[in-house]
Amino acid sequence: MSFLIGENMTGGYGSVDILHSCTVGVERGEIAVVVGPNGAGKSTAMKAMFGMLALRGGRVIMKGEDITALKPQERVLRGMGFVPQTQNVFPSMTVEENLEMGAFIRRDDVAETMGQVFDLFPILKDKRHQPAGELSGGQRQQVAVGRALMTRPDVLMLDEPTAGVSPIVMDELFDRIIEIARTGIAILMVEQNAKQALAIADKGYVLVQGANRYTDTGEALLENPDVRRAFLGG
Amino acid sequence: MDILNALTVIGNFVLIPGLAYGSQLALGALGVTLVYSVLRFSNFAHGEMMSFGAMLSVLVTFWLQSAGIGLGLLPTALIALPVSILGTILLCLLIDRLVYRYYRQTRAPNVTYLIVSIGVMFTIGGLVRFIIGPSDRIFTDGSRFIIKARSFKEMTGLNEGLAIKMTQGVTLATAIVIVIAVFWFLNKTRTGKSMRAYSDNEDLALLSGINPERVVMITWVIAAALAAIAGTLYGLDKSFKPFTFLQLLLPIFAAAIVGGVGSPVGAIAGGFVIAFSELFITFAYKKVLTYLLPESLAPESLMQLLSTEYKIALSFVILVIVLLIRPTGLFSGKTL
């Protein structure tokens, strides 16, 4: 039984199904990556697991409990953290305030967690009093990830964290994500940069048209000639 | 000496009234801007909310006066103010529950909100006139001046007097205290920050576990309190007349937009920009120029750029200029 798993998820926006019996799961301390061509339903699968999309079939199970009916906010309380692809910071608020807002549901002292986030992303500590909207794309992504970490989640879901950042920043972000996974947090992420993402993945899911096409370890998928030819550009 | 006299004239007729009027506009615009940034609509009912608050102050003040309770030198309305704030908050929460909440739940477009707020505006306006009547009420009491023109002349030996009315002093002092309190709340408290977060990025605020209904409620509480205070101060300074608040809506919106809608600092700045532009442009400079220019050049006419009747039109002009040149306002708020 996986730590977090969306089993046979079927659903979409309105009456048209985007996901067709799609299954995605992740273990504690592992990185699971969802890749696939545009319109494969990667982000939709992620949203479904976070409760932003009503499922017509299948279920979402976390820590052995069925959480299919829970709202996103309730899932946050259960230990899920979510980093949306766009608009994932509070632009007019300072970095520090962004992190504070991330910890809004916590009533205890958040200073320690904030310290951990600053250790993970030292640049944020220097820019703590600067509005998040004035930061560069890569730094903003760090704020977004840091914000989601403030609830001390058991599982962190990232929707294309490297969208629109330079290759150097992307490598840097992936390094940080590996560090986060080492602390025992389960990481589930959707990525456009399939090669690089699969290289750090313990488990990879290749989705096509809302259904699982290949599921294997990241390494095995990278070596699979069919996957290489069809999805990784040779 | 002539220069000092000229400056005193400007101080007496422009600077001091401008500071008081600007404070009133700033408080009003702050309320408009907060509602806009959190509830995302232009609340045209804000003027009538001010009127309602001022009306409560008038009624409570009359009652206190008849009971012989007063503050000595200060206006009795200051004791009435907490009651008026509370009443206006209750009215706003009631209206939100009965009217706005429905449109929030049905996710109505902004235009719908706007028109709904116009409906609310007429309703509150009607209610106020129903309760207190349309006529002019003067409820200012206590000492009339902090500094009288004549004692200023005696003190300084100048030809011109500088008078500071008690209501102007009270307005400025209250506005400073209230603005500091609002900014402290928005920037330092958890609830205030959650309001800013909600205004910044609604979806992310929801993900962070911020309760939208609570944010909306607190926004109404603050907007209502600001409206009641602004309305009461305006009523104290001029007089309370229900119809003036409809006219006041224009400079208040102009102030909010000039400053940058959604920006609280902008609202304050905008309030003073509008107030001083109105006064500087409608001021008759004859006396000032007589002091400054040699006798042969002394002006015959009033030397007024615009007659005071056009005061309201001026807000429009400034509004149009700002929207043309810098649509996000001085402090880069959101565009309407």
Legend entry - segment B:282-336 - Rg and Dmax from Cα coordinates, angstrom: 17.2, 52
Legend entry - Helix-derived mean residue ellipticity, 222 nm - over chain A, DSSP H n ≥ 4, -39500 (n - 2.57), to 500: -10000 deg cm²/dmol
Inset, instruction - With only Lys, Arg, Asp and Glu charged, each at its Cβ (+1 for the first two, -1 for the last two), find how big the charge dipole of chain B is about the Cα centre; round to the nearest 20 debye. - result: 660
Inset, instruction - Distance check, please: which entries in A:LYS42/A:LYS203; B:LYS165/B:LYS241; A:LYS63/B:LYS193; A:LYS125/A:LYS195 exceed 25 angstrom between their Cα atoms? - result: A:LYS63/B:LYS193; A:LYS125/A:LYS195
Legend entry - Exercise: per-residue mean of other protein chain Cβ atoms within 10 Å, A:132-141: 0
Legend entry - Hull shadow area, averaged, segment B:147-245 [alpha-carbon convex hull, nm²]: 9.3
Inset, instruction - Please order B:ILE318, B:ILE180 by the number of other Cβ within 10 Å, starting at the fewest. - result: B:ILE180, B:ILE318
Inset, instruction - Using only Cα positions of the protein assembly as shown, each an equal point scatterer, no hydration layer, compute I(q)/I(0) via Debye at q = 0.05, 0.07, 0.09, 0.10 Å⁻¹ and quote the log10 values to two decimals. - result: -0.31, -0.55, -0.79, -0.89
Inset, instruction - Would you pull out the residues with amide H under 5 Å of A:GLY204's amide H, same chain only if 5 or more places away, H placed 1.01 Å from N? - result: A:VAL33, A:ASP216, A:THR217, A:GLY218
Inset, instruction - Please report, in debye to the nearest 20, how large the charge dipole of the protein assembly as shown is about its Cα centre when each Lys and Arg carries +1 at its beta carbon and each Asp and Glu carries -1 there. - result: 1300
Inset, instruction - Please arrange B:ILE268, B:ILE89, B:ILE281 by counting, for each residue, the other beta carbons lying within 10 Å of its beta carbon, fewest first. - result: B:ILE281, B:ILE89, B:ILE268
Inset, instruction - Sort the following peptides by mean Cβ neighbour count (other Cβ atoms within 10 Å, averaged over residues), highest first: A:100-109, A:162-171. - result: A:100-109, A:162-171
Inset, instruction - Enumerate the amide H contacts of B:ILE146 below 5 Å, restricted to partners 5 or more residues apart or on another chain; note that Pro and chain-start residues carry no placed amide H. - result: B:ILE164, B:LYS165, B:MET166
Inset, instruction - Just tell me which aspartates and glutamates come within less than 16 Å, Cα to Cα, of B:LYS153; anything on the same chain fewer than 8 places away is out. - result: B:ASP2
Inset, instruction - Compare A:GLY57, A:GLY218, A:GLY12 in a GNM of chain A, Cα atoms joined below 10 Å, and give the one with the largest fluctuation. - result: A:GLY57
Legend entry - Reduced Cα scattering model of chain B, Debye log10 I(q)/I(0), q = 0.08 Å⁻¹: -0.41
Inset, instruction - Before rounding to the nearest 500, sum -39500 (n - 2.57) across all DSSP H runs of length at least 4 in chain B and divide by the residue total; then give [θ] at 222 nm in deg cm²/dmol. - result: -22500 deg cm²/dmol
Inset, instruction - Label segment A:45-179 by shape, choosing from rounded, prolate and oblate, from the square roots a ≥ b ≥ c of the eigenvalues of the Cα gyration tensor; if a/c is under 1.5 it is rounded, and otherwise prolate applies when a/b is larger than b/c, oblate when it is not. - result: prolate
Inset, instruction - Calculate the tail of P(r) for segment A:86-152: the fraction of all Cα-Cα distances greater than 15 Å, expressed in %. - result: 40
Inset, instruction - Please give the helix B:212-237 orientation as an angle from the longest Cα principal axis of chain B, in degrees from 0 to 90, rounded to the nearest 10. - result: 20
Legend entry - Per-residue Cβ neighbour rank within 10 angstrom, fewest leading, B:TRP63, B:TRP220: B:TRP63, B:TRP220
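Just so you know, all these numbers are worked out from the coordinates, no wet-lab data involved. It should be emphasised that the depicted structure is a prediction, and the values quoted were computed from it without experimental measurement. Every residue, glycine among them, receives a Cβ derived from its backbone with ideal geometry; neighbour counts consider all protein chains shown.
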